[in-house]
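Following: one structure in structure tokens, then a few remarks.
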Amino acid sequence: EMYTIVDKNTCIACGACGVSAPDLFDYDEEGLAEGILDCNQGTCNVPAPLQEDLQDAFEECPSDSIKVAEEAFHGDPKTFE
Ligand code: F3S
């Protein structure tokens, strides 16, 4: 299983994640990214066909704000830090 969540405290609104993974990330009114699947709670298992896009977004985020884990985050990007 694979879960993702954006840490909005470190996101600098660069916009790369929504290009790499348009089905996974969108932006709020301030341009900060958020997960589409689960309202950025990190609780929805990312479907297999989207996991490669997620990997790209994870690698390209300049502020390391895309968090990825094999377990759910339950709303807190720092769950596994
Ligand atoms: Fe923010 Fe990183 Fe996306 S800076 S807009 S989470 S690529």
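Checked against the criterion of being away from the ligand (no atom under 12 Å from the Cβ), among the hydrophobic types (A, V, I, L, M, F, W, C) and closer than 16 Å to Q55 by Cβ, the stretch 17-34 contains not a single residue that satisfies it. Going by the conditions given, is C17 hydrophobic (A, V, I, L, M, F, W, C) and either open to solvent by 20 Å² or more (accessible area, probe 1.4 Å) or assigned to a strand (DSSP E or B) (or both)? Spelling it out, it is not the case that C17 is hydrophobic (A, V, I, L, M, F, W, C) and either open to solvent by 20 Å² or more (accessible area, probe 1.4 Å) or assigned to a strand (DSSP E or B) (or both).
Taken over the stretch 70-81, the residue count meeting the criterion of being crowded, with 16+ Cβ neighbours inside 10 Å and either charged (D, E, K, R) or not in a loop (DSSP other than H, G, I, E, B) (or both) is 0. Within the set T79, T10, the sole residue that is of a type in the set (V, I, T) and more than 9 Å from the ligand (Cβ to nearest atom) turns out to be T79.
Flag: E34 does not match the condition of being of a type outside the set (A, V, I, L, M) and open to solvent by 80 Å² or more (accessible area, probe 1.4 Å). There is at least one residue in the stretch 34-44 that is touching a residue at least 40 places away in the same chain (Cβ under 8 Å) and within 12 Å of the chain's Cα centre (by Cα). Remark: S63 falls outside the filter, which requires a residue to be of a type in the set (S, T, Y) and surrounded by 18 or more Cβ atoms within 10 Å (Cβ to Cβ). Taking the stretch 20-31 as the range and being within 8 Å of the chain's Cα centre (by Cα) and either surrounded by fewer than 19 Cβ atoms within 10 Å (Cβ to Cβ) or not in a loop (DSSP other than H, G, I, E, B) (or both) as the test, only F25 passes. Could you give me the residue pairs with C-beta distances under 9 Å whose first residue belongs to the stretch 55-69 and is over 11 Å from G42 (Cβ atoms) and assigned to a loop (DSSP other than H, G, I, E, B), whose second residue is basic (K, R) and open to solvent by 60 Å² or more (accessible area, probe 1.4 Å) wherever it lies, and which are 6+ apart or on separate chains? Listed by first residue and then by second, the contacts come to S65/K8.
Checking the structure you have, find out if any residue of the stretch 6-15 is closer than 12 Å to D76 by Cα, under 9 Å from the mean Cα position of the chain (by Cα) and modelled with pLDDT of 95 or more. For the stretch 6-15, residues closer than 12 Å to D76 by Cα, under 9 Å from the mean Cα position of the chain (by Cα) and modelled with pLDDT of 95 or more: present.
The values are calculated or read from the model by the stated rules, or taken from the named source; none is laboratory data. Computed from a prediction, not measured in an experiment: that's the story for all the values here. Every residue, glycine among them, receives a Cβ derived from its backbone with ideal geometry; neighbour counts consider all protein chains shown. The accessibility values were calculated without ligands, DNA or RNA, using every heavy atom of the protein model including side chains. Shrake-Rupley method; radii C 1.70, N 1.55, O 1.52, S 1.80 Å.
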